[in-house]
Amino acid sequence: MARIKTNKDISRKEVILKASAALFREKGYKAASMRDLAVKVGVEAASLYNHIRSKAELLHDICFDVANIFVENISGVEASGDAPIVKLETLLRFHIREMIDNFEEVYVADREWRYLAEPYLSNYQNQRRSYRRRFAAIIEDGIKAGEINKIDASTAVLILLHAVSGIESWHRSKQKITGEELEENMLTILIEGVKK
């Protein structure tokens, strides 16, 4: 029987999580099967259960791993002491880099989370709302400091996050600029769009 290929830097569970994120993005969580995942990893479906309990566990781990990374990042940004416009740029750079470098995981956490089972679904929804409020508070601080135009902060957060999620198209395109060029282009458009 084949074994899950790994190296010293990544565990078998991490290999399975990476493959499941790619699979859930390609097929959608509901349509993806453990058999599909086994094929992607190169093992028998039964041997996956030596490392994971269920497909639901994989979705949970992907979503909450991404959420924890984002919460850790925004906490650092909030504590930085930087001007609000710098905080906003730092946050956007982080979002863009995550969509470029960890596309499958971020995509799944952003689009497939609704298939989480309770109580995790409610927990995740609360984390998303809290994150957007914290993001909006940075914009509101920028408005008060006279660095950002008077705009509705909650609406601005939705627009900014939707713009970043559009990086999905960049991943699909055959001829594309580099990730660094994409990041700089997006920041020019997004930051200049809100800056006073």
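Filtered by the rule that a residue be among the small types (Gly, Ala, Ser) and either open to solvent by 60 Å² or more (accessible area, probe 1.4 Å) or over 17 Å from Arg128 (Cα atoms) (or both), region 77-116 gives Ala79, Ser80, Gly81, Ala83. Answer yes or no: is there a residue in region 126-143 that is of a type in the set (A, V, I, L, M, F, W, C) and not in a helix (DSSP H, G or I). There is no residue in region 126-143 that is of a type in the set (A, V, I, L, M, F, W, C) and not in a helix (DSSP H, G or I).
Note on region 39-71: residues that are without any contact (Cβ under 8 Å) to a residue 24 or more places away in the chain and closer than 12 Å to Val15 by Cβ amount to 1.
Any idea which of Glu183, Glu147, Glu140 is under 16 Å from the mean Cα position of the chain (by Cα), at pLDDT 95 or above and over 22 Å from Asp65 (Cα atoms)? On inspection, the qualifying residue turns out to be Glu183.
With respect to the conditions (1) open to solvent by 20 Å² or more (accessible area, probe 1.4 Å); (2) assigned to a helix (DSSP H, G or I); (3) in contact with a helix residue (DSSP H, G or I) (Cβ under 8 Å, 6 or more places away or on another chain), Ile74 falls short on a single one, namely (1).
With respect to Asp9, determine if the residue is at pLDDT 85 or above and either surrounded by fewer than 17 Cβ atoms within 10 Å (Cβ to Cβ) or under 18 Å from Asp101 (Cβ atoms) (or both). No, not satisfied. Look at Ser33 and say whether it is of a type in the set (Ser, Thr, Tyr), buried (at least 16 other Cβ atoms within 10 Å of the Cβ) and farther than 30 Å from Ala145 by Cβ. No: the conditions fail for Ser33.
Among the residues making up region 145-188, those that are exposed (fewer than 15 other Cβ atoms within 10 Å of the Cβ), in contact with a helix residue (DSSP H, G or I) (Cβ under 8 Å, 6 or more places away or on another chain) and either over 22 Å from Arg25 (Cα atoms) or free of Cβ contacts under 8 Å to residues at least 40 places away in the same chain (or both) are Ala145, Asn149, Lys150, Ser154, Leu158, Lys176, Ile177.
Residue pairs whose Cβ atoms lie under 8 Å apart, sitting 6 or more positions apart in sequence or on different chains, and linking a residue in region 9-26 that is of a type in the set (D, E, K, R) to a partner that is buried (at least 18 other Cβ atoms within 10 Å of the Cβ) and in a helix (DSSP H, G or I), are Lys18/Glu104; Lys18/Glu105; Arg25/Glu104; Arg25/Tyr107; Arg25/Val108. Of the residues in region 18-29, not one is part of a helix (DSSP H, G or I), out of contact with any helix residue (DSSP H, G or I) (no Cβ under 9 Å at 6 or more places or on another chain), acidic (Asp, Glu) and within 25 Å of Tyr124 (Cβ to Cβ). Exactly one residue out of Ser122, Ser47 is of a type in the set (S, T, N, Q), open to solvent by less than 40 Å² (accessible area, probe 1.4 Å) and within 23 Å of Ala21 (Cα to Cα): that is Ser47.
The values are calculated or read from the model by the stated rules, or taken from the named source; none is laboratory data. Model, not experiment: these values are computed from the prediction. We place every Cβ from the backbone using ideal geometry, glycine too, and count neighbours over all the protein chains shown. Surface accessibility is based on the protein's heavy atoms, side chains included, excluding ligands, DNA and RNA. Shrake-Rupley method; radii C 1.70, N 1.55, O 1.52, S 1.80 Å.
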